[in-house]
Amino acid sequence: MAQSEAARVTVVMPTYNEAANLPGVAEAVLGLPLDGLQLKIVDDSSPDGTGRIAEELAEKYNGDGRTRMSVLHRTEKDGLGRAYTAGMSAALDEGAEYVVQMDADGSHPVEAVPRMLRAALDSGAGLVVGSRYVEGGSLDEEWAAHRVLLSRFANRYARAVLRTDIQDITAGFNLWSARTLRDVGLTSLDSAGYSFQVELKYRAVRAGHTAVEIPIRFAERTEGESKMTLRTQLESAVLPLRLRLKRY
């Protein structure tokens, strides 16, 4: 068995009203040729029944004394960052060697996970970013022009303020080594929303961990609506300045 196939990898996937997307995404993730892979859903009490569907899927995929999928139910919706912190912390406690962040809406290419793991194993990097903004990476052609401009501006702004070489610092599709996450200290992060993505990368690099980027195509979600709000956009704008004023 190849080293990448045997590594203990947990995909952490926060959900809120993703009932239509979750079954297909879960099937794709658990169909990857990685024997050590598990899927952990973190559901924030979705009113559309996503949590119930996740439990049904876990019952379907678990068997023979082996847990391939688990569900963490949270009683309140207090931000993507908080959901990731809960799920990633649980994954570490359960012995994951690598943790993958992935959206449940189908925007992240599931087939890239083995490539990300191989990149981490080959390079020894503590972080592998599924990047839209390195050579070979792209955004879905259906994205409106204003969304493309906002995404590119947010990255350039955060990179300039934080003086980082990571091209896609706002990316939500990332693979982390357990050591990196423990060194950063998940529970000490300030960000509750989408800016969690920026803070975690920045603090990991500041702590001396190497980041590498591999190109991905970021797709448009097939069902449902984006959870991005004005409040989360404002938080993302302020965070880089706050981080620069702190010392880690």
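The values are calculated or read from the model by the stated rules, or taken from the named source; none is laboratory data. All values reported here derive from a predicted model rather than from experimental measurement. No Cβ is skipped: glycine too gets one built from the backbone with ideal geometry, and neighbour counts run over all protein chains shown. Only protein heavy atoms, including side chains, enter the accessible area calculation; ligands, DNA and RNA are left aside. Shrake-Rupley method; radii C 1.70, N 1.55, O 1.52, S 1.80 Å.
At-a-glance table
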{"read-out": "Computed P(r) (all Cα pairs; the chain; 10 Å bins; percent)", "value": "7, 33, 40, 18, 2, 0"}
{"read-out": "Residue-span extension gain [residue 35 to residue 93] - 0.36 nm each, minus C-alpha spacing", "value": "19.0 nm"}
{"read-out": "Rounded accessible area per residue of the chain, 1.4 Å, Å²", "value": "47 Å²"}
{"read-out": "Built amide H within the under 5 Å cut-off of residue 102, gap 5+", "value": "12"}
{"read-out": "Cα-Cα separations in the stretch 1-51 greater than 17 Å, expressed as whole percent", "value": "41 percent"}
{"read-out": "Where only alpha carbons of the stretch 1-123 are counted, the Rg and the Dmax (Å)", "value": "13.7, 42"}
{"read-out": "The chain, relative contact order in percent, only Cα pairs under 8 angstrom and at least six apart counted", "value": "23 percent"}
{"read-out": "Prolate/oblate/rounded call for the stretch 50-112, Cα gyration tensor, a/c under 1.5 rounded", "value": "rounded"}
{"read-out": "Accessible surface ranking that places the most exposed of 210, 15 first, with a 1.4 angstrom probe", "value": "210, 15"}
{"read-out": "The stretch 105-215: C-alpha gyration tensor shape, a/c 1.5 cut-off, then a/b vs b/c", "value": "oblate"}
{"read-out": "Most fluctuating residue given options 173, 196, 153, as computed from a GNM of the chain linking Cα atoms under 10 Å", "value": "153"}
{"read-out": "Max mean-square fluctuation residue, GNM over the chain, Cα-Cα springs under 10 Å, options 73, 146, 209", "value": "146"}
{"read-out": "For the chain, built as a Gaussian network whose Cα springs stay under 10 Å, the top-fluctuating residue of 98, 133, 61", "value": "61"}
{"read-out": "Considering only the chain, percent of DSSP beta bridges that pair antiparallel, nearest 5", "value": "25 percent"}
{"read-out": "Gyration tensor over alpha-carbon atoms, the stretch 101-163, equivalent ellipsoid semi-axes in Å", "value": "23, 18, 10"}
{"read-out": "Listed residue (160, 139, 174) projecting farthest to the positive dipole end of the stretch 125-178, Cβ model", "value": "160"}
{"read-out": "Two-site label geometry, residue 156 and residue 48: point separation in nm, points 7 Å out along Cα→Cβ", "value": "3.4 nm"}
